[in-house]
Amino acid sequence: MKDKKVLIKIEDLKQYFPIKKKSVFQKEQYFVRACDGVNLEIYEGETVGLVGESGCGKSTLGRTLLQLYKPTDGRTVYYGTDIFRLNPAYVTDWINKYSNNKRDYLEAKKTRDEKLKAYDAKPEGPEKLLALEEYQIAETAVRVKLYNIAQIFGALILVDDDQTVQKTVMEEFKLKVERAKIHGQTESLKGRPPKKEKLSEEDNKKLEELSKKIEDVENRIEKLLEGVKDHEDFEYYHEKRDSGVNLAMLSESEMRHMRDDLQLIFQDPYSSLNPRLTVGQIITEGLNAHHIFEKGDKKSQDYVMQTMEECGLASYFIHRYPHQFSGGQRQRIGIARSVALQPEFIVCDEAVSALDVSIQSQIINLLLDLKEKANLTYLFISHDLSVIKYISDRVAVMYLGSIVELSETEELYENPLHPYTEALLAAIPTTDVVDKKEIRILEGDIPSPINPPKGCKFHTRCKYATDICKTVTPVWEEARPGHFVACHHKLEIAK
């Protein structure tokens with residue numbers, strides 16, 4: 001996976017929903033922690049399966065990723081476009097507030113270091129475990145502040161002259177945005193060419209001037225960095241600077257501009273379609289909204305009919321209404337509505353769970369065919385591990401708002417390292433008469449996401465749980481190449 005391009009990077013994503021207070025005298029505000037510090041990289045052209053019991057936060061993660069829910073905290077960086085093409089307002093805001101943001105980051109870093117010293121000074125016992133948890137919270141705060149500022153400034157954080165750094169980065173950003181405009185790259189409308197076919201002589205002259213100016217600015221940045229290249233953290237900061245778009249910081253209008261790239265296939269094929277619109281109108285609605293075709297464009301109907309046929313729908317269905325179709329056909333309409341916009345990424349939110357088993361395989365095969373044709377990337381959400389195994393390149397296992405294990409599909413099914421994954425796999429029914437394994441149902445219910453257990457969230461249902469599981473949150477680590485897990489007893493499970 002190291003050679004693949006990261007399309008979406010999720011870092012410490014949190015989604016908390018406030019609960020209505022029972023009375024005016026209630027002081028404390030409670031939250032449902034639907035997503036609680038999720039970290040995940042999704043590569044271009046792959047399918048990541050997201051599995052877990054109902055209520056674990058799978059659908060919330062998918063919708064928060066698409067910014068249908070505004071995240072409580074964390075970052076979702078999208079690399080299907082860049083900040084120079086989109087020119088989001090938050091970049092200018094971060095540059096203008098560079099001094100304040102840098103100060104906040106340095107203060108968070110100082111607090112983190114103090115918490116680490118306090119942890120080291122504590123003797124073994126409950127107090128040391130509590131100090132470790134406080135350090136981990138402080139480390140998370142540093143990481144969030146670092147990623148936001150380092151994305152734009154990189155190793156320039158280490159340079160002392162704030163005013164010079166701020167002016168230089170602002171100049172570089174404006175010049176690169178201007179270059180994108182000349183190429184016509186600020187339009188992400190797929191019905192029009194992403195770049196101008198031919199540049200005028202005047203545009204070519206402007207580009208030459210811009211190229212010289214950008215080169216001059218980048219040379220000045222290199223000189224600013226000369227004095228800090230020997231700093232121990234230089235490479236770490238430097239690699240954080242990239243041109244990805246932080247979806248969590250986009251305004252509503254900016255995010256609307258991104259909707260054609262990031263699509264959703266809903267779980268319910270009945271309620272997700274407007275009963276008052278024909279199939280043609282349902283699919284055309286998004287095309288008109290994103291100006292891929294203007295209203296009345298004769299090419300629009302031909303394109304819609306072609307998309308319908310690619311999704312297994314006869315073109316003569318174009319004037320029919322949703323109630324005239326079966327559940328499987330309705331889901332094909334929903335899929336056609338999404339892929340018509342030629343997105344880069346699609347969240348499939350339990351896209352086959354409401355369908356008959358005989359129809360599920362047809363829809364899954366359709367999704368695989370579309371993925372291969374258009375190099376689509378999927379986040380496929382399901383509670384069915386058999387479906388996940390068939391469609392996914394990698395699988396992420398989610399429990400009570402957190403991802404507890406992540407691996408390539410074959411590796412995860414053959415060598416689960418987390419007890420929750422092991423329990424889910426043990427509960428899969430089988431028709432294999434040779435290997436007659438006993439089906440073991442995972443006992444107990446998921447604890448309340450309002451007040452999740454301390455330490456490992458799964459310890460209340462885990463047969464391997466010990467005292468450390470009840471007090472210390474396990475570290476997310478790479479136990480095997482490409483196989484990540486957060487568990488204190490992963491080696492015991494692997495034996």
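The values are calculated or read from the model by the stated rules, or taken from the named source; none is laboratory data. From a predicted model like this one, the values you see are computed outputs, not experimental measurements. Cβ placement follows ideal geometry from the backbone for every residue including glycine, while neighbour counts extend to all protein chains displayed. Note: accessible area is taken over every heavy atom of the protein model, side chains too, but ligands, DNA and RNA are not part of it. Shrake-Rupley method; radii C 1.70, N 1.55, O 1.52, S 1.80 Å.
Considering the stretch 113-133, the residues that are part of a loop (DSSP other than H, G, I, E, B) and at negative phi include one that is most open to solvent (accessible area, probe 1.4 Å), namely GLU124. Among the residues of the stretch 323-337, some residue qualifies, meaning at least one is farther than 27 Å from CYS35 by Cβ, among the aromatic types (Phe, Trp, Tyr) and open to solvent by 10 Å² or more (accessible area, probe 1.4 Å). None of VAL38, VAL77, VAL91 is part of a helix (DSSP H, G or I), β-branched (Val, Ile, Thr) and either in contact with a helix residue (DSSP H, G or I) (Cβ under 9 Å, 6 or more places away or on another chain) or more than 28 Å from PRO447 (Cα to Cα) (or both) except VAL91. Residues that are in contact (Cβ under 8 Å) with a residue 40 or more places away in the chain, within 27 Å of the chain's Cα centre (by Cα) and surrounded by fewer than 20 Cβ atoms within 10 Å (Cβ to Cβ) within the stretch 271-284 comprise just one, SER272. The conditions of being more than 20 Å from GLN362 (Cα to Cα), at pLDDT below 95, open to solvent by less than 20 Å² (accessible area, probe 1.4 Å) and of a type in the set (A, V, I, L, M) are not met by MET249. Determine whether the stretch 481-494 contains at least one residue that is at pLDDT 90 or above and open to solvent by 80 Å² or more (accessible area, probe 1.4 Å). Taking every residue of the stretch 481-494 in turn, at least one turns out to be at pLDDT 90 or above and open to solvent by 80 Å² or more (accessible area, probe 1.4 Å). Based on this model, can you work out whether SER99 counts as within 30 Å of PRO18 (Cβ to Cβ), part of a helix (DSSP H, G or I), hydroxyl-bearing (Ser, Thr, Tyr) and touching an Asp or Glu at 6+ places or on another chain (Cβ under 7 Å)? Considered against the rule, which asks whether it is within 30 Å of PRO18 (Cβ to Cβ), part of a helix (DSSP H, G or I), hydroxyl-bearing (Ser, Thr, Tyr) and touching an Asp or Glu at 6+ places or on another chain (Cβ under 7 Å), SER99 comes out as no. Note on the stretch 387-405: among residues that are open to solvent by 10 Å² or more (accessible area, probe 1.4 Å) and in a strand (DSSP E or B), the one that is farthest from ARG480 (Cα to Cα) is SER402. Scoring ASN288 on the criteria (1) over 24 Å from the mean Cα position of the chain (by Cα); (2) buried (at least 16 other Cβ atoms within 10 Å of the Cβ) leaves a single failure, condition (2). Screening the candidates LYS110, LYS190, LYS195 for the property of being charged (D, E, K, R), at pLDDT 90 or above and open to solvent by 40 Å² or more (accessible area, probe 1.4 Å) yields one hit, LYS110. Does the stretch 13-33 contain any residue that is of a type in the set (D, E, K, R), within 28 Å of SER382 (Cβ to Cβ) and either open to solvent by less than 40 Å² (accessible area, probe 1.4 Å) or not in a strand (DSSP E or B) (or both)? No; the residues of the stretch 13-33 include none that is of a type in the set (D, E, K, R), within 28 Å of SER382 (Cβ to Cβ) and either open to solvent by less than 40 Å² (accessible area, probe 1.4 Å) or not in a strand (DSSP E or B) (or both).
Tally up the residues in the stretch 29-77 that are among the small types (Gly, Ala, Ser) and out of contact with any strand residue (DSSP E or B) (no Cβ under 8 Å at 6 or more places or on another chain), please. Qualifying residue count for the region: 2.
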